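Working notes, beginning with the structure itself.
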Amino acid sequence: MQPQFEEKRFALRMALRLPIVVSGRSDDGAAWSEPTETDDISTLGALFQLNQKIAQGDSLYIRSHRPDGVPVEVKAQVMRISAGSHGASRVGVTIIEQKESWLRLFVAWIADDNVAEGMDE
């Protein structure tokens, strides 16, 4: 029998510069959108830099594409924020909606990365 506990940071993680567009709402309700790229992604979330002012617990939407061009949009929650470069924040998020879409994105990029060198077309 397996132990009944959950380690929140246990997830397959990969350093990947994946172009994403992050959007949300500011405190006054105004919508914003900012293109950026991931520092790394995991099966459960992502880490990226953002210039927009956000707070821990905020909900964000992340848009990206799988290697085959299929668009992916997920809802994420800000779990941690730390200082980034050039005044930006490093933002760690967990995916809270469309988790299966994010997992497919993650697996597609790993597969693409692993087979790209050995494929003959």
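The values are calculated or read from the model by the stated rules, or taken from the named source; none is laboratory data. Every value quoted in this text rests on a predicted model; they were computed, and no experiment measured them. Here the Cβ positions follow ideal geometry from the backbone for every residue, glycine too, while neighbour counts run over all protein chains shown.
One line per residue, one yes/no per condition, for (1) buried (at least 17 other Cβ atoms within 10 Å of the Cβ); (2) outside any strand (DSSP E or B):
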| position | (1), (2) |
| --- | --- |
| 35 | no, no |
| 41 | yes, no |
| 64 | yes, no |
| 76 | yes, no |
| 87 | no, yes |
| 94 | yes, no |
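Identify, from the list 80, 66, the residue that is modelled with pLDDT of 95 or more and of a type in the set (D, E, K, R).
80
Listed residues 28, 58; which is of a type outside the set (Lys, Arg) and under 13 Å from residue 92 (Cβ atoms)?
Being of a type outside the set (Lys, Arg) and under 13 Å from residue 92 (Cβ atoms) holds for just one of 28, 58, which is 58.
Looking at 63, 80, can you tell me which residue is on the phi < 0 side of the Ramachandran plot and out of contact with any Gly (no Cβ under 9 Å at 6 or more places or on another chain)?
The unique qualifying residue is 63.
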